[in-house]
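Report on one structure; see the data block that follows.
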Amino acid sequence: MKSKPQAAFEKQIYLRQIEILQDLSPQELEAMDKMMPAREVEAGNVFYSPTQPAEVLFLLKKGRVSLYHLSAEGTPFITATLEEGTLFGEMVLLGQSLYGSYAEAVTSCLLCVMSRDDVRMTMLNDLRIATRLVERLGRRLLETEQRLVDFALKDVAGRVAALLLQLAQSQLVREGRANVPVVGAAEVTCTHEELARGVGAYRETITKILNEWRGQGWVELHRGRIVLLDMESLRHLAVS
């Protein structure tokens, strides 16, 4: 059983990984944690849907979440894969909307759920948090716009390359290196199924493309993760 100091330290590690809270002191993080208790969501659970809309903001402390839409045939199309430290939800106050999306826990997650009053008290009253929040929401908007452009103009291989590069860049953002270009090898956490749902293709098509790239030495394939080896070739494919 974990001691209280150890448990508190681990909570602060989770909070420190959240980009908008990076400027806070340990004492401020502890106070923030008390104001925003987290709840667990098991992998595979859909915890938000357009059938039960609510004005709520989620702060992903731990785990991975997929946002997706359903086609008329009921086929899911992933619009975003969210990693630890991401803020998302439905809140007019912040210009945030899930636009009819479903939110599903890809892995077991820890989520803070905030109301409009919670956001006012914990987020907008602190200039440091508010500034980082605006920056992060702006990047999310640009990423979403780019994925829409990719989907409209690129073939499946180009969309896969673009999505993998975006995931690699998002990893740098979570590490506090938002302005650092991806160089050398990079590892992203995702499955073939997630990629398929993210680019609107069949899983078999994604597996075929990735196997071809592995044969060319562009990527290494592992269970639940992909190592990008030839960044130049992937970038060329993503922009062509």
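For every residue, the table says whether it meets (1) open to solvent by 50 Å² or more (accessible area, probe 1.4 Å); (2) modelled with pLDDT of 80 or more.
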site	(1), (2)
Phe9	yes, no
Ala43	yes, yes
Val46	yes, yes
Pro50	yes, yes
Arg64	no, yes
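Whenever a residue of segment 136-165 is assigned to a helix (DSSP H, G or I), its partners that are aromatic (Phe, Trp, Tyr) and at pLDDT below 75, lying with C-beta atoms within less than 7 angstrom and at least six residues away or across chains, give the pairs Arg159/Phe151. For segment 32-46, residues that are assigned to a helix (DSSP H, G or I) and either in contact with a strand residue (DSSP E or B) (Cβ under 8 Å, 6 or more places away or on another chain) or closer than 17 Å to Arg116 by Cα (or both) total 2.
The values are calculated or read from the model by the stated rules, or taken from the named source; none is laboratory data. Please read all numbers here as calculations on a predicted model, not as lab measurements. Cβ sites come from the backbone with ideal geometry, for glycine too, and all protein chains shown count toward neighbours. Side chains are part of the model used for accessible areas, which takes the heavy atoms of the whole protein and leaves out ligands, DNA and RNA. Shrake-Rupley method; radii C 1.70, N 1.55, O 1.52, S 1.80 Å.
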